[in-house]
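See below for the structure under consideration.
The values are calculated or read from the model by the stated rules, or taken from the named source; none is laboratory data. Worth saying up front: this structure is predicted, and the values here are computed from it rather than measured. Here the Cβ is made from the backbone with ideal geometry for all residues, glycine too, and neighbour counts use every protein chain on show.
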Amino acid sequence: MTVSVQTPFTAASANGSTTVFPYQFKILDANDLQVTLDGVIQTTGFTVSGVGGGLGGNVTFSVAPADGVVVLLARTPVLDRDTDYAQFGKIPAGVLNADIDRIWLALQKFANDFKRSLKLPTDTGSDQVVNFTAGERANALLAFDASGNLTITPITSIAVSVSAGSFTVDTFSGDGVTTGFALSRDPGIKNNTTVFVDGVYVQKSAYSITGTTLTFTSAPASGTANVEVTQSVALTAGAPADGTVTVASLADSALAATTQGLAKMADGFLAASTAARAKMADKFLTLAKMADMATGKILGNISGVSGTPAEVDIAQAFPQIHPVSASVAANALTIGLNPTRLDFRSSTLTTGTTNTRHTSAISLVVPDTATL
C-alpha cells in the first residue's frame, strides 16, 4: 500500500450545530488521530471513521462543539511496533505494508513539526545546544550571543521598555447570534485591536471595524464576558510643562539667532553660568530681544554698589560727553547744557584730588548787549 504526500492535520471552526468534521489524511488506528477543541485534547465524546483508508474519514461528535470553537484533527501516530514476524514464516503483504506505512506516516508528522520549528541555516557548522541546567534556564530568555550562538539571558537583565500609550479593554457576552458589538472608542484601524473569544485569539480576518462597531464574520459562542477586545491608545506628545525644561536639556549652540531660537528665551531663562552660556550660539542675541529704553539712556550701573543693571543717563555714564544745545531768540543766544558732571581740581586739571559735582540742566543766555 502506498503513502501519498499529505498534510497531517485539518482545522475547522465550529458553528454550534455541526457534529461531523472530515479529515483528509491516512491513519492506521483511531488512536493515531488527536482531536482538540480550542487547543484542549479530547479523548471521549466522538467516534472516528475511515481508519486505514487512504483519503481519510470523519470525526463525529456526540454533541456539536460550540460556535467559534476551533476543531483541530491531527495525525499523531503511536511510535511503537507490535508486529513480530516469525523466522522463515510467511509475511502477509497487508501486515508488512501497514508496518512500513506507519514509518512514513510518522515521518510526515515529524516533517510537519520540523516546518514549525526554529531553524538555523544549513551551513551552520557548530552545534547549537542550550547547554544550561533547569535552574539556570529558570526566569531566562533564549537569546544569541555576540557570535550568533544560542545562549540564555536572565529576564532581570533585559531593560523594560514602556510604549508611549495606554490600553482600553471592552468585554462583551456572546449569545451565539449577535455579530456586532459597540466599542467604547474608535480604534482607527483594525491593527490597533486584539480580540479574544473564550480566551482564544481571533484572527483579524474574522472581524471588521467600522468606527466604534466591531463585526464578527461568525457570532461568538454564548458566554459571560467571553469576548474581550483590547485597543492600544496612542499617547499624544504635548509641550513640556512649565518649569520642566532645564539648561542641561539643551544642546550646545541650540539657541541660534533665528526667530525660532529667539522665541525660546524667557525672562531669566539662561543663568550666568558657563553651562548656560554654552547653549547660546555666537551672535545669538539681537537688539530686538532687548527691552525698550528711554531716549538718552543706556543699560548700566553707576551706583557704586553691585546689583541688577538699570537704565542710566548717558551723561552720567560718560562724563566726558557734554551734550549742548543752542538757540537764538529776541537777539539773544541761549545755550543749554544737559545734566553733567563738573570736575573741580587744580587750575591745570592735572593734579589734586578729584572733587566732582553732578549738576542739573543749566542754560546760559547771552543778550545782544553782552560782550564776549
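So here's what we get for this one:
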| item | result |
| --- | --- |
| Any hit, segment 115-135, residues being in contact with a helix residue (DSSP H, G or I) (Cβ under 6 Å, 6 or more places away or on another chain) and not in a helix (DSSP H, G or I) | no |
| Of the criteria (1) within 22 Å of Phe196 (Cβ to Cβ); (2) free of Cβ contacts under 8 Å to residues at least 60 places away in the same chain; (3) of a type in the set (S, T, N, Q), which one Asn15 fails | (2) |
| Set Val40, Val48, Val59: member being under 30 Å from Tyr201 (Cα atoms) and in contact (Cβ under 8 Å) with a residue 24 or more places away in the chain | Val59 |
| Selected residue [surrounded by 12 or more Cβ atoms within 10 Å (Cβ to Cβ), of a type in the set (Gly, Ala, Ser) and not in a strand (DSSP E or B)] from Gly89, Gly94, Gly52 | Gly52 |
| Residue match in segment 60-68 (condition: assigned to a strand (DSSP E or B), out of contact with any Cys (no Cβ under 8 Å at 6 or more places or on another chain), modelled with pLDDT of 80 or more and surrounded by 10 or more Cβ atoms within 10 Å (Cβ to Cβ)) | yes |
| Residue check, Val162 modelled with pLDDT under 85 and surrounded by fewer than 13 Cβ atoms within 10 Å (Cβ to Cβ) | yes |
| Cβ pairs under 8 Å, 6+ apart, first in segment 122-133 and exposed (fewer than 11 other Cβ atoms within 10 Å of the Cβ), second in a loop (DSSP other than H, G, I, E, B) | Ser126/Asn149 |
| Filter result (of a type in the set (S, T, N, Q), surrounded by 15 or more Cβ atoms within 10 Å (Cβ to Cβ) and in a strand (DSSP E or B)) within segment 180-229 | Thr193, Thr194 |
| Residues within segment 164-210 that are without any contact (Cβ under 8 Å) to a residue 24 or more places away in the chain, over 15 Å from Glu228 (Cβ atoms) and among the hydroxyl-bearing types (Ser, Thr, Tyr), tallied | 3 |
| Inter-residue pairs, beta-carbon under 8 Å, first farther than 25 Å from Ser17 by Cβ and in segment 218-232, second in a loop (DSSP other than H, G, I, E, B) and of a type in the set (Gly, Ala, Ser), 6+ apart | Ser232/Ser163 |
